[in-house]
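Please read the structure below before turning to the comments.
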Amino acid sequence: MGYSAFIIAGVNAFAFPLFGFIFSKLMFILMGAGYTKTFAQDRDFWCGMFLIECIMIGLFSFLQKWVFSIVGENLTFDVRFDLFKGIIYKHLQWFDNK
C-alpha cells in the first residue's frame, strides 16, 4: 500500500506542469481567435484536454489523500502496538520506579 501511495503522489505531482502546458496552449489559441481556419477544432480539443485533466487531478488528489490516510493509520497502529508491547514485557521492578 505504501508504494502505491508514492506512485499516486508522483502522478498527482506530474499533473500540475501538464496543467500549465495545456492552459498556455489554450490561451495562445484564444489570443489568435479568428486568424486560423482550425480555431474551433483547436479550441474544442484543448478545452476537452483541460476538462479531462481537471477530472484526473480531482481523482488523483482524492486517491492520494485516501491512500496516505490509510498508510498513516497503519503506521500509527504499529508504533502504538510496539510501545504497548514494550511496556507489557517490562520486568515488575520497572513499574515500581518513579
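Where a number appears in this text, it was derived from the coordinates with a stated rule and is not lab data. Keep in mind it's a predicted model, so treat the numbers as computed, not measured. Cβ: placed from backbone, ideal geometry, glycine included. Neighbour counts: every protein chain shown.
Here are some notes:
- Here the chain is assigned +1 on the Cβ of each Lys and Arg and -1 on the Cβ of each Asp and Glu. Its dipole about the Cα centre then comes out at about 120 debye.
- Rounded to 10°, Cα long-axis angle of helix 39-88 versus longest principal axis of the chain: 0 degrees
- Sorted from longest to shortest, the spans of the Cα atoms of the chain along the three principal axes equal 87, 22, 15 Å.
- Toward the positive end of the charge dipole of the range 2-96, with +1 on the Cβ of Lys and Arg and -1 on the Cβ of Asp and Glu, the farthest Cα among F62, T38, I8 is that of T38.
- Nearest-ten-degree value, helix 2-31 long axis tilted from longest Cα axis of the chain: 20 degrees
- Counting only lysines at least 8 places from K85 when in the same chain, those with an alpha carbon closer than 28 Å to its own are K98.
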